[in-house]
Each structure stands twice: as structure tokens, then as C-alpha cells.
Amino acid sequence: MSTMAWCATVDNCIPWSDAILRSSIANTERVGNAFSDDLANTAFIPGLGQIKIEELTLSANTPLVDVKSSNTRRRDLPALTGLRFVAALLVFFTHVSKPQNPGNPNLAAPFRDDGLVKVLGDNGFRLGIVAVSCFFLLSGFVITWSAKPGDRLTSFWRRRVVKVFPSHVVTWALCMLLFAGVFTTNHGILNLFFIDTWFTDPSFWGGANGPAWSLNGEMLFYAVFPFMLIPIKRIPENKLWLWAGILAAMLVAATVISRSVLPDTPPWQNVSIPQFWFVYFFPPMRLFEFAIGMIVARIVLSGRWPRIPLSLVGVVAVGGLVLTLVVPYPYNIALVTLVPIALTIGSLASANLSGNRTFLGTRPMVWLGKVSFGFFMAQAVVVFAIRPAVFGDAEYGTVGGILLILALFVMNLACGWLLYKFVELPAMKHWSRPRKRVLDSAPRADEPDKVPAL
């Protein structure tokens, strides 16, 4: 139960004395700053040093970042906006090259050559895995980067929900209406409320709008981010790289242990379905990537990110992609691309801060990045509903299949823009701020983040 809900019901549940209640209210009011440098009333936590007691008690009005912070306005990072579209494009290619959904695993593919479809489907799925990992690391980085002085917990959670949920509801409803309602009525409810991947049953995963399964992890990230930020903010700058390595080692250990602890049946590829679910779909397992993204943001903010040529970063990133094609499951899900993705995100951000131009930071790529969430959310409608309605079940040769994929890409991009223009932006404009602004001594930060994040 949240702090607010607990406080709202305490008078009805427990016969507290007036003195204790007044003391509780006073303690809550003293949590005026979650990151004060005042070391009075502190506790020592190994590895993190002294942490103020009030920092461990968050109320709805607790600032995420010190109101007195000098980082009142952080620079935009257009290259990371463009990177979001690259990740969304990889996911789209995964679903369009070999379309599958729980109701019909034998949908028509763009190409009539079964061998080509298998190669594209298998390799496309692995590239989609890389894209999801990129989303999770990027979310940790961007949300940490865009945390504003004086931003309150309720304001942060409001913006995150408002940014995601309206587009999700629209695309979920379209999927249920156009194709998914006939086979996933109950499972679709799990998909709507971001809980479908908390279960091991494969028929639950993405029950309505398949790509939306990743929002299960994102919503968990948003829920725990304020609590994760407290210890991560306290890591000394000279130990940030150490803690990034510790988190990576913990991810390795959890992945390896899953092979020996979880059931090895029913089989899938070289793992079992429960083992694959735990590493890929289970939201808490993806917290490692999110946390590493947060630490990468802190390293860049501290000025400790090394100067690495972007050409070398590109080589490492391509090498990570190649490794996912040869390394078996579940080790190719996050482990082999963890360093390449983190290196890409940190280096692109550092390049933007240094004023270096990048292809991903150009105006076309930034525009594509802005509509990338809508592009991502609309693809199931395009692939599973619009494609059969417009093109039927026809499959083509190499040239025809490529043209079909390009046509579906244009349709998907148009749908993504419509969602961005008429759902995402209006929702952020009207609902990201509380209707009644309460004046206080702290600056408010209820405006939408300039750097888009899931």
C-alpha cells in the first residue's frame, strides 16, 4: 500500500493517539528534500555512506531532486531521441518479417520463400530483443537525466502515466476490435492493465496489443524510480563505474541461476519456456538494465564519460548485434548487448553535450524519434489488421516482399504520427499538470519532459 493510501486510512484502521498522529504529520512535513546535503539524523548504509533518515521516507510531495540543485535546466539530447526510433524500427521489422500472434501463428508473410521467412523471422526476433533492451536502458538514462529540481512524486507519476496510457488504451481498443477480441477476451484485460507478462503462461503475453508487453516493465520502472534514485544519487562519482559493473555482474548471475533453478520443460529453442520468460518477460529482471541506464546518466552528468569516437562505438554496437545471432538463449537477451548499448547511449549523450553533430540528432531523426512511441504502439494494428484488409494473404518474391514491407512501414509511420499528434500530445497538454496549481516555495516541474521516454 502506498504512503498516501496508508495515511488516508490510518484513522479508520488503528486507534492512534493524537500525539502520535501529530508526530507522524510533522515527520512527513520534514521530508522537504530527498537529497539534502545536511548529514544530521543520518544512517550509514554500506557502499553508499551516510544517508539522511528523511530520505528513506517518501511522501507525495517529496522532491525527486534537490530544489537548490544547480542542474535546473539540462541540455536536450537529440541523438537519444533519434536512437529511440532505431529501436522501434527493429521491433517493427521483427513483427512484419514473420507475423505471429496468439490467435494465428501462421499469418501470411511478406515473402513466399519459406526458407527466407525463417531466416528473417529468427534473426529479426533476436534484433527485436536488442531493441527492447535498448528501450529499457534508455528509459533509465532519460528519466534520470530529465529529473527536475522540485519535481514531486505525484507530478512524476502523473506525467509518466499520461504519456503512456492514452496511446495504449487507443491501440489496445483497436486491436481488440479488429482482430484480438475473438481469441483473447480475458487475456486482453491483462494486457490493458500491464500485468500480462507477470505470468508464465505464453498465451498471456501481449494478449491484445502484442508489442505493449514491454510496458509491463516500463510501468514497474516508473513505480520504483523515485526509490531507486535515492541510493543511486548517493553513489560517489568515483564509484559509479564500479556499481555499473556490480549491476552487470548481478544480471549475469541471475541469468545463469535461472538455468539451474527454473523448470527445463516445456522446451523452447535451447531453453525452457519458464527460463525464457524469467529472463526476457519477467519485469523485475529488466530492472538491472534500467538501473544501469540510470548510472550511465550519472556518469555523463558527472563529466566522467570517456571520449570515445562514435565510429568505434558503431563498430562495438554492430558487434553486439552479431553476437546476438550466434550466442544461445538466454545469454543473448541482455548480456551480450549490455555494454554496447550502454556505450552507445553514453557516447551519444556526451557527443551532444560537446556540441558534436550526429546523424541520429538530425531534424528528420528527431522527428521520427518523437513519433516513435506511436509508431511502436500502432504496429500490431498495421501488421495484423490493415495488412490483411488491404493486401490480403498474398505473399511475394524478393522485390514484391520488400515493397510490401516498405508500404507497411509508411502506413505504420502515418499511424504513429496520428497517435502522437491527436492522442499523446493532447493528453500531455491537458492532463500532465494538476488542474489547480498550489503555490509554494519550491519551483514546480509539471511540464512534459523534452527528451521523450516511455
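The values are calculated or read from the model by the stated rules, or taken from the named source; none is laboratory data. Not measured: the values here are computed from a predicted model. Here the Cβ is made from the backbone with ideal geometry for all residues, glycine too, and neighbour counts use every protein chain on show. Note: accessible area is taken over every heavy atom of the protein model, side chains too, but ligands, DNA and RNA are not part of it. Shrake-Rupley method; radii C 1.70, N 1.55, O 1.52, S 1.80 Å.
Out of Phe92, Phe85, which single residue is closer than 19 Å to Val381 by Cβ, open to solvent by less than 20 Å² (accessible area, probe 1.4 Å) and touching a Ser or Thr at 6+ places or on another chain (Cβ under 7 Å)?
Phe85
Here's the yes/no breakdown for (1) touching a strand residue (DSSP E or B) at 6+ places or on another chain (Cβ under 8 Å); (2) free of Cβ contacts under 8 Å to residues at least 40 places away in the same chain:
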| residue | (1), (2) |
| --- | --- |
| Phe375 | no, no |
| Ala380 | yes, no |
| Ile386 | no, yes |
| Ala389 | no, yes |
| Thr398 | yes, no |
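Kindly evaluate Ile333 against the criterion of being open to solvent by 30 Å² or more (accessible area, probe 1.4 Å) and either in a loop (DSSP other than H, G, I, E, B) or modelled with pLDDT under 95 (or both).
Details: open to solvent by 30 Å² or more (accessible area, probe 1.4 Å): no; either in a loop (DSSP other than H, G, I, E, B) or modelled with pLDDT under 95 (or both): yes.
Here the answer is no, as Ile333 does not meet what is asked.
Restricted to the stretch 108-147, and to residues that are acidic (Asp, Glu) and closer than 16 Å to Gly397 by Cα, which residue is surrounded by the most Cβ atoms within 10 Å (Cβ to Cβ)?
So, considering only residues that are acidic (Asp, Glu) and closer than 16 Å to Gly397 by Cα, the one surrounded by the most Cβ atoms within 10 Å (Cβ to Cβ) is Asp113.
Filter the stretch 336-362 down to residues that are among the β-branched types (Val, Ile, Thr) and closer than 28 Å to Leu251 by Cα and give me whichever is most open to solvent (accessible area, probe 1.4 Å).
It comes out as Val339.
Do we find a residue being part of a loop (DSSP other than H, G, I, E, B), free of Cβ contacts under 8 Å to residues at least 60 places away in the same chain and farther than 21 Å from Met365 by Cα anywhere in the stretch 90-101?
Yes; the residues of the stretch 90-101 include at least one that is part of a loop (DSSP other than H, G, I, E, B), free of Cβ contacts under 8 Å to residues at least 60 places away in the same chain and farther than 21 Å from Met365 by Cα.
When both residues are 6+ apart or on different chains and their Cβ atoms are under 9 Å apart, which pairs have a first residue that lies in the stretch 260-273 and is in contact (Cβ under 8 Å) with a residue 12 or more places away in the chain, and a second that is part of a helix (DSSP H, G or I) and among the charged types (D, E, K, R)?
Between residues of the stretch 260-273 that are in contact (Cβ under 8 Å) with a residue 12 or more places away in the chain and residues that are part of a helix (DSSP H, G or I) and among the charged types (D, E, K, R), the close pairs are Val271/Arg259.
Within the stretch 378-387, is there a residue that is within 30 Å of Gly303 (Cβ to Cβ) and not charged (D, E, K, R)?
no
For the stretch 236-262, what are the residues that are in a loop (DSSP other than H, G, I, E, B) and loosely packed, with under 14 Cβ neighbours inside 10 Å?
Passing the criteria: only Pro236.
Restricting attention to the stretch 290-307, which residues are surrounded by 15 or more Cβ atoms within 10 Å (Cβ to Cβ) and either over 9 Å from Gly140 (Cα atoms) or at pLDDT below 95 (or both)?
Of everything in the stretch 290-307, those that are surrounded by 15 or more Cβ atoms within 10 Å (Cβ to Cβ) and either over 9 Å from Gly140 (Cα atoms) or at pLDDT below 95 (or both) turn out to be Arg298, Ile299, Val300, Leu301, Trp305.
Would you tally the residues in the stretch 187-218 being assigned to a loop (DSSP other than H, G, I, E, B) and surrounded by fewer than 23 Cβ atoms within 10 Å (Cβ to Cβ)?
7
Please state which of the following conditions Lys233 fails to meet, knowing it meets all the rest: (1) touching a Phe, Trp or Tyr at 6+ places or on another chain (Cβ under 7 Å); (2) open to solvent by less than 40 Å² (accessible area, probe 1.4 Å).
Unmet condition: (2).
Could you list, in sequence order, all residues of the stretch 148-184 that are outside any helix (DSSP H, G or I), open to solvent by less than 10 Å² (accessible area, probe 1.4 Å) and touching a Gly at 6+ places or on another chain (Cβ under 8 Å)?
Filtering the stretch 148-184 down to residues outside any helix (DSSP H, G or I) leaves 148-152, 179, 183-184.
Imposing the further condition that a residue be open to solvent by less than 10 Å² (accessible area, probe 1.4 Å) reduces the set to 150-151, 184.
Thr184 - this is the single residue of the stretch 148-184 that is outside any helix (DSSP H, G or I), open to solvent by less than 10 Å² (accessible area, probe 1.4 Å) and touching a Gly at 6+ places or on another chain (Cβ under 8 Å).
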